[in-house]
Amino acid sequence: MMRHLFLKLYRYVYFLKSQKNKDIPTFMPRNQGLPVGGQFPGLTDAYAHTDLKEQDGIIVLFLSTTCQTCIEIFTAIDRLAERWPSKKMLLFIYGDDAEFRQIQRENQIEVPMIPYEQTQFELYKTAIFPYVYVLSYQGIILAQGTVNAVEKVDEIVNKGIEGIEYTQLTETGGETV
């Protein structure tokens, strides 16, 4: 009787352990960032020399010099910028200045890169890397989210593009569907 009970308990524990990680995704997006529909701060400072109305929107990536996924995204920055040529791209980089410059040189990144300090985390509500925002040319947040691969950047940017198209349609008096 005792042996039978022990075997049932053993099987139950074994079953629970085998099921433990099956439904848990390996990447959990975290709820952070500035709200969709809100104004992205500091764009006039970042682009004082540029007329943002000439752009079809802005892609802002927050990356870290110590994050492996960020390093992978760094290597794809130029491809990402080429994918959406009508959009301005801006990188906020968290990390050591020497590493920041080395990554810029190694990957020949021509996209504007702005150092991102821990003191700015509260302003941008972004402390998890990598993170992406898609903005209208007026700086309105159309989409945002944590990314774990270049493909996730694509997904969020494409979601924002739909928002840009909707915004342009309503600004020009077009009909919404």
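Looking at region 136-146, is at least one residue of a type in the set (Val, Ile, Thr), touching a Lys or Arg at 6+ places or on another chain (Cβ under 6 Å) and part of a strand (DSSP E or B)? Looking for residues that are of a type in the set (Val, Ile, Thr), touching a Lys or Arg at 6+ places or on another chain (Cβ under 6 Å) and part of a strand (DSSP E or B), one finds at least one in region 136-146, hence yes.
For region 70-94, a residue qualifies if it is touching a residue at least 24 places away in the same chain (Cβ under 8 Å) and more than 17 Å from the chain's Cα centre (by Cα), and exactly one does: 86.
Among the residues making up region 54-109, those that are in contact with a Cys (Cβ under 9 Å, 6 or more places away or on another chain) and hydroxyl-bearing (Ser, Thr, Tyr) are 64, 94.
Does residue 141 satisfy the condition of being out of contact with any strand residue (DSSP E or B) (no Cβ under 7 Å at 6 or more places or on another chain) and buried (at least 19 other Cβ atoms within 10 Å of the Cβ)? No; evaluated as a whole, the condition is false for this residue.
Restricting to region 76-119, what's the tally of residues that are outside any helix (DSSP H, G or I) and either touching a strand residue (DSSP E or B) at 6+ places or on another chain (Cβ under 9 Å) or among the aromatic types (Phe, Trp, Tyr) (or both)? So the count comes out to 18.
You will find that of 63, 34, the residue that is farther than 30 Å from residue 105 by Cα, at pLDDT 90 or above, open to solvent by less than 40 Å² (accessible area, probe 1.4 Å) and not in a helix (DSSP H, G or I) is 34 and no other.
Does region 126-133 include one or more residues that are within 16 Å of residue 43 (Cα to Cα), touching a residue at least 12 places away in the same chain (Cβ under 8 Å), part of a loop (DSSP other than H, G, I, E, B) and among the aromatic types (Phe, Trp, Tyr)? Within region 126-133 (the criterion being within 16 Å of residue 43 (Cα to Cα), touching a residue at least 12 places away in the same chain (Cβ under 8 Å), part of a loop (DSSP other than H, G, I, E, B) and among the aromatic types (Phe, Trp, Tyr)), the answer is no, since none of the residues qualifies. Of the candidates 122, 110, the single residue that is at pLDDT below 90 and open to solvent by 30 Å² or more (accessible area, probe 1.4 Å) is 110.
The values are calculated or read from the model by the stated rules, or taken from the named source; none is laboratory data. Bear in mind that the values here come from a model prediction, so they are computed numbers and not experimental data. Backbone-built Cβ (ideal geometry, glycine too); neighbour counts: all protein chains shown. Note: accessible area is taken over every heavy atom of the protein model, side chains too, but ligands, DNA and RNA are not part of it. Shrake-Rupley method; radii C 1.70, N 1.55, O 1.52, S 1.80 Å.
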